[in-house]
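Note sheet for the following structure.
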Amino acid sequence: MNETTHDRYRLIGVDPSPYSAKVRAILRYRRLPFDWVVRTPTAQAEIAHVKPQLMPVIRYPDGGYHTDSTPIALDLEARHPGVRSIVPDDPGQTFLSHLIEDMADEWVTKILFLLRFRLPLDQHYAARWVISDRRPDLVGDALEAAIEDFRSRQISRMALVGATAANAGSIDASFARLLAILEPGIAGGRYLFGTRPALADFGLYGQLRTLATDPTPQAIIRETAPGLEHWVRRLDDASGVEGEWDAPEPVSPTVEALLRMAGEVYLPFLLANDAALREDRESFTVELPSGPLTQPPFRYQAKCLAWLREHWNSLDGAPAARTAAVLEEAGCLSAFVA
């Protein structure tokens, strides 16, 4: 690109990517001007210099490129303060939103990965969706070869993210638990922290949009949480939504239930991962309510734990005391308090 300045954001990603969909939905909700650019080989050449190569990449109006969905979302808050913010006014609610969003990004994605690549039906559907999006130039045998290459490569990565047959019981159980929590909580135009969406809503949306599209999880959602599928559709473009934040207390039953899930499933996983990295182990096992989960440690998730702890330590006064009580009740507080 020869231009160095632009008057719009340029979001480069692929439609099947939950993180691309998450950032796109945030831009739509906040009514920030942007162009959606599919990550074809031409677009990939434009962003080849961007490190790390995460999905999506966004070019700012000043010409700079940025990646990683959560830092992008928070940086957009700093760049456009008060413009249909997705960060609650109360600092305690903001922390709870970040914790739930982190669980969506780092745990619910395990559900997505397992269900996307466990059965041939979903493998082929997802691979065709991704390759057809990224390589619309391919047809015939070349298209089929690219689809098979992507399918095989993703299946080979399942163990790296813990999406294995041995862990399937725990992951499937957490999917059922998530749907049971969310289905009653999003009725009547509700979001997690009020009648307007927060970052946590968009984190869940990104993963659930893909789950609600792939064949097997789509069937599960339609059978057990039909209202949630429509909530996901509405959040895809919420540019017309107007709403208010809830009062800081009490937190909603939906948020309480999600925090209990974090306390019983996600935070134990993060702590076990962190310990395995510090002890230089090749794998770790964490005991969850539905059984053990074993996988190699992942450095990015140690950064997530450190970031959450840093955010927690920045709270003080009444919001900190109020939020500590909520976290203690949910079994989360010990992960943040030394």
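Restricting 131, 86 to residues that are over 30 Å from residue 314 (Cβ atoms) and surrounded by 20 or more Cβ atoms within 10 Å (Cβ to Cβ) narrows the list to 131.
Residues that are under 23 Å from residue 109 (Cβ atoms) and either surrounded by fewer than 16 Cβ atoms within 10 Å (Cβ to Cβ) or of a type in the set (Phe, Trp, Tyr) (or both) do occur in segment 311-328. Restricting 99, 74 to residues that are within 30 Å of residue 249 (Cα to Cα), in a helix (DSSP H, G or I) and touching a helix residue (DSSP H, G or I) at 6+ places or on another chain (Cβ under 7 Å) narrows the list to 99. Within segment 77-93, the set of residues being free of Cβ contacts under 8 Å to residues at least 24 places away in the same chain and in a helix (DSSP H, G or I) comprises 77, 78, 79.
As for segment 133-147, it holds no residue that is of a type in the set (A, V, I, L, M), out of contact with any Asp or Glu (no Cβ under 7 Å at 6 or more places or on another chain) and within 22 Å of residue 205 (Cα to Cα).
If you go through segment 147-192 and keep only what is assigned to a helix (DSSP H, G or I), among the aliphatic types (A, V, I, L, M) and touching a residue at least 60 places away in the same chain (Cβ under 8 Å), you end up with 159, 160, 161, 171, 173, 178, 181, 182. Can you tell me which residue is nearest to the chain's Cα centre (by Cα) among those in segment 290-315 that are of a type in the set (S, T, N, Q) and more than 15 Å from residue 103 (Cα to Cα)? Among those that are of a type in the set (S, T, N, Q) and more than 15 Å from residue 103 (Cα to Cα), it is 295.
Residue pairs whose Cβ atoms lie under 7 Å apart, separated by 6 or more positions or on different chains, with the first residue in segment 270-282 and assigned by TED's automatic domain parsing to the domain that holds residue 302 and surrounded by fewer than 20 Cβ atoms within 10 Å (Cβ to Cβ) and the second in a loop (DSSP other than H, G, I, E, B) and modelled with pLDDT of 95 or more, are 277/297; 281/297; 282/296. Residue count for segment 44-83 satisfying the condition of being surrounded by 17 or more Cβ atoms within 10 Å (Cβ to Cβ) and of a type in the set (Lys, Arg): 1. Every listed requirement among (1) assigned by TED's automatic domain parsing to the domain that holds residue 254; (2) out of contact with any His (no Cβ under 8 Å at 6 or more places or on another chain); (3) not charged (D, E, K, R) is met by residue 139 save one, (1).
The values are calculated or read from the model by the stated rules, or taken from the named source; none is laboratory data. This is a predicted model, so every value here is computed, not measured. Note that each Cβ is placed from the backbone with ideal geometry, even for glycine, and that neighbours are counted across all protein chains shown.
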